[in-house]
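Visitor: Just passing along the structure, written as structure tokens.
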Amino acid sequence: MCGIVAYFGKKQAQPILIEGLKRLEYRGYDSAGVALLKANQFEVYKTSGRIANLEEILPETESRAVVGIGHTRWATHGVPNTINAHPHIDYTGKIALVHNGIIENYAILKKWLIKEGCTFKSETDTEVVANLIGYFYERNRARNGENAPSGSNRFEWAVQQAFNEIYGTYGLAIMCSDCPDVMIGVKKGSPLILGVGKEEYIIASDASAIIEHTSQAIYLSDGEMVTIHSEGFDTKTISNEEVTKELKDIEISLDQIELEGFEHYMQKEIAEQPQVLETCLKGRVDVKNGRVILGGIQDKLRDLTRTKRIILSACGTAWHAGLVGEFLFEQLARIPSEVEYASEFRYRNPIVDEGTIFIAISQSGETADTLAAVELAKERGATVLGIVNVVGSTIARTTDAGVYLRVGPEIGVASTKAFTAQVSVLTMLAIELGRRRHLSSEMAQGLLKELMEIPKKVEQIFSQKEQTRQIAQANIDKDNWLFLGRGFNYPVALEGALKLKEISYIHAEGLPAAEMKHGPIALITDNMPAVFIATKCSQYEKIIGNIEEVRARGGRTIVVATEGDEHIKPYADHLITVPDTVEQLQPLLTVVPLQMLAYHAAVLRGHDVDKPRNLAKSVTVE
Ligand code: F6R
């Protein structure tokens, strides 16, 4: 949800900013821009569209500026045109900044600033921040009439004054043309990292824009700011109290964020699943004793075992994983569980008490809705756990304890490997809770043995790549699809539909297969492919019945079935198989062909798979 990068050092800033923006482009790609600061002058280049469009308008000779800021936008306030693109310069021309987040009280501030004589060019909330800083900087006087304290850094003081007035979420990098040897970063609610290199600093929304230059960073907390200057950097709160931050190692490597021969990140991330799932399970599963060791939440297991209720909360794909989690907790551990859309949870005065265990699931660890739900659950006294991928992310730091997915950076906007890892972690947790309650060791051993086989079985599915491509090709002109599953495969039907929608722009609906006859069956024609997930499970006969209902009405079926199932063949216009496994683990396999199907459909329709229209990878606005 917007990516920001800023460079302060001795090298030419421009190529570093452009490379950084390319790494962050998955966060938004509505417009892009850079501002470079040299000889007390800003050089600003910005345009609607992608980083590639920005490169086209940059002068042939790279600027020699060694300080600069850059931005790639996911539009919230104002259409994605050049005027609304960041960086924004204030009305005095002295302040330039890039922003990720939303300024909630921007309309009131804008009205007031206009009354005070400030002028605006864009429709964005961000320009209000630039003008507010410029206003305090220019006047050198606070709102209460007091002058800036003598000897203070006026630029830093003006930034602090401005943020006393602002409500909302923000990660910003700010420059002042009077102070080319100072750069300021401010954070609240949006991620912001300071990469610390040798005589150089990079502020960025995430580590991918930093890792090429340094592997050391500090992670700012909400309400903190960093001032970089020629002697180093200082960290303090926005209200000017000093804070000491620890330098940490960035845990991702460069090869994890490269395409490494794949055409798209989504394709790479689907292919990585066998290996990353192995990493996710490694050292956590003790098959012999039928136990699971999840280090991050070991201290909370007593509470978890005794709880009367688990609430899982997440958005999108992570919510689908949560739905599998709900089924697992209820079936294996017999704990009443429910999965909640984080965006809804917070606004309906939910019943949460001290005995409740609240589990937030998030790949990015930055999703604003999920974070807000976490905060509410904490406020109401629940024990709050996180299942998160990005190490050190806001949700990971806000929860009481948690389990990391260990799947490495997920860059493709459509989530794939994070889903299978989320389901794997939930499975491990459900089995361990089950063991602590009533699940027999034989049952747990059997499930864990099967779980350890999953990475290999995912690999086997890849032998049908060409077949999936052909199925996508055969149905590529169909604009409406249905995805149907029962039991543990119902969340997979939802996920299959979401994958297809978001990258191929084909309308798709996921449903519990039996619900079809309560309305959606009216849609069935031979023009609407129905994807059935019909693996061997306790509801196998029932789902065959649902397939019959579709075929009887002339519908065309794509069936995901268990390898070796001859009986199902006559029911499928197109067949994809997955290796056999126990019912509870089937989502880990059945989702894979649906990821592949969506990927091929998007490629065949000529879409940019990794940067689907209107989307962004981490949704840091509510
Ligand atoms: C879909 C997708 C989104 C995310 C959702 C939550 O492919 O990626 O639906 O799952 O925005 O994101 P995280 O998991 O980062 O909280």
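Yes or no, residue by residue, for (1) under 23 Å from A373 (Cβ atoms); (2) touching an Asp or Glu at 6+ places or on another chain (Cβ under 7 Å):
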{"site": "L281", "(1), (2)": "no, no"}
{"site": "N289", "(1), (2)": "no, no"}
{"site": "L323", "(1), (2)": "yes, no"}
{"site": "A333", "(1), (2)": "yes, no"}
{"site": "S337", "(1), (2)": "yes, yes"}
{"site": "S343", "(1), (2)": "yes, yes"}
{"site": "N349", "(1), (2)": "yes, no"}
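Visitor: Conditions first: (1) surrounded by fewer than 17 Cβ atoms within 10 Å (Cβ to Cβ); (2) over 30 Å from A601 (Cβ atoms); (3) more than 21 Å from the chain's Cα centre (by Cα). L254 passes all but one, so which condition is the exception?
Guide: Condition not satisfied by L254: (3).
Conditions tested, residue by residue: (1) charged (D, E, K, R); (2) within 30 Å of the chain's Cα centre (by Cα); (3) modelled with pLDDT under 95.
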residue	(1), (2), (3)
A75	no, yes, yes
L97	no, yes, no
K111	yes, no, no
N131	no, no, no
R139	yes, no, yes
S150	no, no, yes
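Visitor: Hey, another quick one. In the set H71, H77, H86, which member is at negative phi and part of a strand (DSSP E or B)?
Guide: Details: H77 fails: part of a strand (DSSP E or B); H86 fails: part of a strand (DSSP E or B).
Only one candidate qualifies: H71.
Visitor: Looking at T367, T420, T427, which one is touching a residue at least 60 places away in the same chain (Cβ under 8 Å), under 26 Å from T169 (Cβ atoms) and not assigned by TED's automatic domain parsing to the domain that holds Y29? First the steps, then the outcome.
Guide: Working: T420 fails: under 26 Å from T169 (Cβ atoms); T427 fails: under 26 Å from T169 (Cβ atoms).
Sole residue among the options that is touching a residue at least 60 places away in the same chain (Cβ under 8 Å), under 26 Å from T169 (Cβ atoms) and not assigned by TED's automatic domain parsing to the domain that holds Y29: T367.
Visitor: Got a sec? Which helices (runs of 4 or more DSSP H) wholly within the range 230-309 have at least 1 residues that are within 22 Å of A209 (Cα to Cα)? I'd like the intermediate steps shown before the answer.
Guide: On the way: elements: 265-271, 273-281, 301-306.
Correct list: 265-271.
Visitor: Follow-up. With (1) more than 13 Å from the ligand (Cβ to nearest atom); (2) in contact (Cβ under 8 Å) with a residue 40 or more places away in the chain as the list, and D477 as the residue in question, which single condition is left unmet?
Guide: If we test D477 against (1) more than 13 Å from the ligand (Cβ to nearest atom); (2) in contact (Cβ under 8 Å) with a residue 40 or more places away in the chain, just (2) comes out false.
Visitor: Looking only at the range 16-71, count every residue that is within 24 Å of H229 (Cβ to Cβ) and touching a residue at least 24 places away in the same chain (Cβ under 8 Å) and tell me the total. Steps first, please.
Guide: From the range 16-71, those within 24 Å of H229 (Cβ to Cβ) are 16-17, 20, 34-44, 63-71; that's our starting set.
Among the residues that remain, those that are also touching a residue at least 24 places away in the same chain (Cβ under 8 Å) are: 16-17, 20, 34-42, 44, 63-71.
Selection size over the range 16-71: 22.
Visitor: At least 2 residues that are under 19 Å from G325 (Cβ atoms) and away from the ligand (no atom under 14 Å from the Cβ) in each: list the helices (runs of 4 or more DSSP H) lying fully within the range 360-453 that qualify.
Guide: Details: elements: 368-379, 394-398, 417-437.
Ranges flagged: 417-437.
Visitor: Right, here's the next one. Can you tell me how many residues in the range 340-359 are away from the ligand (no atom under 13 Å from the Cβ) and more than 18 Å from L301 (Cβ to Cβ)?
Guide: 11
The rows are residues; the columns are (1) assigned by TED's automatic domain parsing to the domain that holds I431; (2) free of Cβ contacts under 8 Å to residues at least 24 places away in the same chain; (3) under 29 Å from D608 (Cα atoms); (4) not polar (S, T, N, Q).
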{"residue": "T244", "(1), (2), (3), (4)": "no, yes, no, no"}
{"residue": "M266", "(1), (2), (3), (4)": "yes, no, yes, yes"}
{"residue": "P274", "(1), (2), (3), (4)": "yes, no, yes, yes"}
{"residue": "L281", "(1), (2), (3), (4)": "yes, no, no, yes"}
{"residue": "G290", "(1), (2), (3), (4)": "yes, no, no, yes"}
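Visitor: If you take the residues in the range 487-541 that are within 16 Å of the ligand (Cβ to nearest atom) and hydroxyl-bearing (S, T, Y), which one is surrounded by the fewest Cβ atoms within 10 Å (Cβ to Cβ)?
Guide: If we take residues in the range 487-541 being within 16 Å of the ligand (Cβ to nearest atom) and hydroxyl-bearing (S, T, Y), then Y505 is surrounded by the fewest Cβ atoms within 10 Å (Cβ to Cβ).
Visitor: Which of (1) modelled with pLDDT under 95; (2) buried (at least 16 other Cβ atoms within 10 Å of the Cβ); (3) not assigned by TED's automatic domain parsing to the domain that holds L371 is the odd one out, the single condition D303 does not satisfy?
Guide: The failed condition is (3).
Visitor: Can you confirm whether Y341 is at pLDDT below 95 and among the aromatic types (F, W, Y)? Give the steps one after another, and end with the answer.
Guide: Working: at pLDDT below 95: no; among the aromatic types (F, W, Y): yes.
Criteria not met by Y341.
Visitor: Now for a separate question. Out of Q12, Q41, I need the residue that is over 21 Å from L192 (Cα atoms) and in contact with a Lys or Arg (Cβ under 9 Å, 6 or more places away or on another chain). Which one?
Guide: Details: Q41 fails: in contact with a Lys or Arg (Cβ under 9 Å, 6 or more places away or on another chain).
Of Q12, Q41, the one residue that is over 21 Å from L192 (Cα atoms) and in contact with a Lys or Arg (Cβ under 9 Å, 6 or more places away or on another chain) is Q12.
Visitor: Restricting the search to the range 30-79, which residues are closer than 19 Å to D178 by Cα and among the basic types (K, R)?
Guide: Result: K38, R64.
Visitor: Something else now. Please work out which one of (1) among the charged types (D, E, K, R); (2) surrounded by fewer than 19 Cβ atoms within 10 Å (Cβ to Cβ); (3) touching a residue at least 12 places away in the same chain (Cβ under 8 Å) is the condition K611 fails and give its number.
Guide: Only one criterion is unmet by K611, namely (2).
Visitor: Kindly provide the set of residues from the range 186-219 that are in contact with an Asp or Glu (Cβ under 9 Å, 6 or more places away or on another chain), part of a loop (DSSP other than H, G, I, E, B) and among the β-branched types (V, I, T), ordered by number.
Guide: T214
Visitor: Further question on the same structure: Tell me, yes or no, whether the range 578-601 has at least one residue that is free of Cβ contacts under 8 Å to residues at least 24 places away in the same chain and outside the structural domain of E263 (by TED's automatic domain parsing). Break it down stepwise before answering.
Guide: Filtering the range 578-601 down to residues free of Cβ contacts under 8 Å to residues at least 24 places away in the same chain leaves none.
Scanning the range 578-601 turns up no residue that is free of Cβ contacts under 8 Å to residues at least 24 places away in the same chain and outside the structural domain of E263 (by TED's automatic domain parsing).
Visitor: Further question on the same structure: Report yes if some residue within the range 581-602 is crowded, with 17+ Cβ neighbours inside 10 Å, away from the ligand (no atom under 16 Å from the Cβ), among the small types (G, A, S) and at pLDDT 95 or above; otherwise report no.
Guide: No, that holds for no residue.
Visitor: Are any of the residues in the range 249-263 touching a strand residue (DSSP E or B) at 6+ places or on another chain (Cβ under 7 Å) and closer than 30 Å to N153 by Cα?
Guide: Residues of the range 249-263 that are touching a strand residue (DSSP E or B) at 6+ places or on another chain (Cβ under 7 Å), as a first pass: 249-250.
Among the residues that remain, those that are also closer than 30 Å to N153 by Cα are: none.
Within the range 249-263 (the criterion being touching a strand residue (DSSP E or B) at 6+ places or on another chain (Cβ under 7 Å) and closer than 30 Å to N153 by Cα), the answer is no, since none of the residues qualifies.
Visitor: List the pairs whose first member sits in the range 296-321 and is within 16 Å of the ligand (Cβ to nearest atom), whose second member is of a type in the set (D, E) and not in a strand (DSSP E or B), and whose Cβ atoms are under 7 Å apart, counting only residues at least 6 apart or on separate chains?
Guide: L312/E326; C315/D369; T317/E495; H320/E495
The values are calculated or read from the model by the stated rules, or taken from the named source; none is laboratory data. Small disclaimer: the values here were computed from a predicted structure and weren't measured. All Cβ positions, even for glycine, are placed from backbone atoms using ideal geometry, and neighbour counts span all protein chains on display.
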